[in-house]
Amino acid sequence: MTHYKLMIPGPVDVEDEVLAAMGQPTLPHYGSEWLGIYHDVIAGLKKVFQTESDVLLMPGPGSAALEAALNSLLSPGDGVCIPVSGFFSRRLAQIAEVNGLNVLPVDFAPGQPVEPDTLRQRLAEQPRPRVLAVVHHETSTGVLNPLKEIADVAREFDLPIIVDAVSSLGGVPLPVDEWGIDVCVTVANKCLATPPGIAILSVSPRAWKMVAAQENPGRGWYLNLGTWRWYMDNWAWHPYPITLPTNNIVALQVSLQHILAEGLEAHYAKYVQASSLVRRGLRDLGFETFIPDEWACPLISAVRTRPDVPVSDLQAFLRDEHGLLIAGGLEELRGVIFRVGHMGKAASPEYSQAFLQGVADFLHCRELV
Ligand SMILES: *Cc1c(COP(=O)(O)O)cnc(C)c1O
C-alpha cells in the first residue's frame, strides 16, 4: 500500500504511537478497564474543549453530530440562523433544511469572514430564530470566523449557539464555556490527530434543556441527543446507547495525552509556525494566498494558483513524484485555489519543507521558474 504524506484538510497523518494504540486487541465497550479509559478520554476532551459541560463520543463523521445537534435542539418549523460563506456552511444549512428546520441564511462572499455587525443587523430585522448555527473554520476557503464576536451577538439575542468546529477544535483557541458555546462539534481526525471514525460534541446545560423540552422526541434514535441523555442517566456501566469504536478511542487517548503534555498553547503555536513557513515559501515561488492573513486560519493554507500552474497538474506531480497529497478547491473554487493542510504530522517542518521542495521541483520541471 502506498503511504502518502497527507497535507489535506483531513483526515491527517497521525503519530506512530497513535497508530500502534489503534492496533491493540479490541476491548469491549463496557467493563471497568474500558470505563477507566473512556472517562479519562472524556476528561482529556473537556480540557481541550475548555468546558465543564458533558462531552459525548458519537461514532461517525462530523456531519452526523451536526445533524444530531440541529435535530435534537430544534423541531421541524423552528428557525435557525446560519451564516453561509462556503461549502461547509452551505452544507450545515442543507442539513438543517432536510430536517425540516426553517433556515434563515445570512450570506457572505466565499473567502470573506462572517461579520458580526451584519449578523446583528439581520437578526434584528428577522423574526427571532431559536438557534444560531455557525461554522468556525470554513475549511473550503481557510477563513477562521471571529467566533468570540459571533457568540457575543448570539448572547445579545439570547440565542443558543451550535458551532461546527470540525476543523478547528484543538488547533486554534476555542474556550467553549468562556465563549458560551452550547453545542460544539468536532471530530477525532482533524486537529485531534487520530484516524477517522468518531465525532465529538459538547452539550451545555441550556442545550440539554432544549433537548428535554422537545415535544416530539420520537424523531430519530441514534442522532437524537435525548437517547444519549437517557443512557448517560440510566446506564452507568455503559453511558452511551451503542457500541463504541474502542480501538479509535484508545488511539484518541494517546493523541490527547500528547497534546495535553505539550500544552494547548504550544500545540496551537505549531500550526501557526507551519502555516507561516508554507505561506512565505509559496509567496517566494510567486503564489498568492486566497485570503488575507488576518482572517486566515493557521490550520490550512488556501492558495490562489498561478495562471501557469493548473491545480490538478500540481496535485498529480506532488502525489506521483513526492508522495504528498494536497487538496484542490471545492465547487466554484475548483481550479482556482489549492489547499494545504497543516494538521496532524503536516504541522512538522519536515512536511512543510517537503511540500515547498515539491512545488519548487514542479516549477523547475515545467520550466516555470
Ligand atoms: C471536514 C469538515 C466537515 C465534515 O466532516 P465529516 O466528518 O466529513 O462529516 C464539516 N465541517 C467542516 C468545517 C469540516 O472541515
_For the stretch 349-358, check the following and say yes or no: at least one residue is closer than 30 Å to residue 18 by Cβ, more than 20 Å from the chain's Cα centre (by Cα) and acidic (Asp, Glu)._
yes
*Answer residue from the stretch 1-46, given it is surrounded by 16 or more Cβ atoms within 10 Å (Cβ to Cβ) and of a type in the set (Gly, Ala, Ser) and is nearest to residue 314 (Cα to Cα) among those*: 10
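Condition check ((1) buried (at least 18 other Cβ atoms within 10 Å of the Cβ); (2) outside the structural domain of residue 55 (by TED's automatic domain parsing); (3) under 22 Å from residue 132 (Cβ atoms)) across all residues:
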position	(1), (2), (3)
191	yes, no, no
211	yes, no, yes
229	yes, no, no
244	yes, no, no
267	yes, yes, no
272	no, yes, no
_Here is a list: 274, 236. Which entry is more than 19 Å from residue 354 (Cβ to Cβ) and either of a type in the set (A, V, I, L, M, F, W, C) or outside any loop (DSSP other than H, G, I, E, B) (or both)?_
236
_So for the stretch 197-210 (the condition being touching a Phe, Trp or Tyr at 6+ places or on another chain (Cβ under 8 Å), polar (S, T, N, Q) and at pLDDT 95 or above), does at least one residue qualify?_
yes
*Which residues, taken from the stretch 66-75, are within 16 Å of the ligand (Cβ to nearest atom), aliphatic (A, V, I, L, M) and closer than 14 Å to residue 98 by Cβ?*
66, 68, 70
*Any residue in the stretch 48-65 that's under 18 Å from residue 222 (Cβ atoms) and more than 16 Å from the ligand (Cβ to nearest atom): show its pairings with residues that are modelled with pLDDT of 95 or more and assigned to a loop (DSSP other than H, G, I, E, B) at Cβ separation under 9 Å, as long as the two are six or more apart or on different chains.*
54/204
*What number of residues in the stretch 241-255 are outside any helix (DSSP H, G or I) and over 17 Å from residue 228 (Cα atoms)?*
0
_Count of the stretch 319-359 residues which are among the hydrophobic types (A, V, I, L, M, F, W, C) and either assigned to a helix (DSSP H, G or I) or farther than 16 Å from residue 13 by Cβ (or both)_ = 11
*Looking at (1) more than 21 Å from residue 52 (Cβ to Cβ); (2) more than 10 Å from the ligand (Cβ to nearest atom); (3) surrounded by fewer than 24 Cβ atoms within 10 Å (Cβ to Cβ), can you tell me which one residue 196 breaks?*
(2)
*asked:* Yes or no: the stretch 258-275 includes at least one residue that is more than 19 Å from residue 165 (Cβ to Cβ), in contact with a Gly (Cβ under 8 Å, 6 or more places away or on another chain) and not charged (D, E, K, R).
replied: no
*asked:* Only one of 176, 143, 172, 134 is modelled with pLDDT of 95 or more and surrounded by fewer than 24 Cβ atoms within 10 Å (Cβ to Cβ). Can you tell me which?
replied: 172
*helices (runs of 4 or more DSSP H) (entirely within the stretch 78-193) containing at least 2 residues that are more than 11 Å from the ligand (Cβ to nearest atom) and under 27 Å from residue 341 (Cβ atoms)*: 87-98, 147-156, 176-179
*Has the stretch 12-34 got at least one residue that is within 13 Å of the ligand (Cβ to nearest atom) and touching a residue at least 60 places away in the same chain (Cβ under 8 Å)?*
yes
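Conditions tested, residue by residue: (1) at pLDDT 95 or above; (2) surrounded by fewer than 21 Cβ atoms within 10 Å (Cβ to Cβ); (3) of a type outside the set (Val, Ile, Thr).
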{"residue": "69", "(1), (2), (3)": "yes, no, yes"}
{"residue": "72", "(1), (2), (3)": "yes, no, yes"}
{"residue": "77", "(1), (2), (3)": "no, yes, yes"}
{"residue": "81", "(1), (2), (3)": "yes, no, yes"}
{"residue": "91", "(1), (2), (3)": "yes, yes, yes"}
{"residue": "101", "(1), (2), (3)": "yes, no, yes"}
{"residue": "114", "(1), (2), (3)": "yes, no, no"}
{"residue": "122", "(1), (2), (3)": "yes, yes, yes"}
{"residue": "127", "(1), (2), (3)": "no, yes, yes"}
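The values are calculated or read from the model by the stated rules, or taken from the named source; none is laboratory data. Given the structure is predicted, the values throughout are model-derived calculations rather than measurements. Here Cβ is always computed from backbone atoms with ideal geometry, including for glycine, and neighbour counts include all displayed protein chains.
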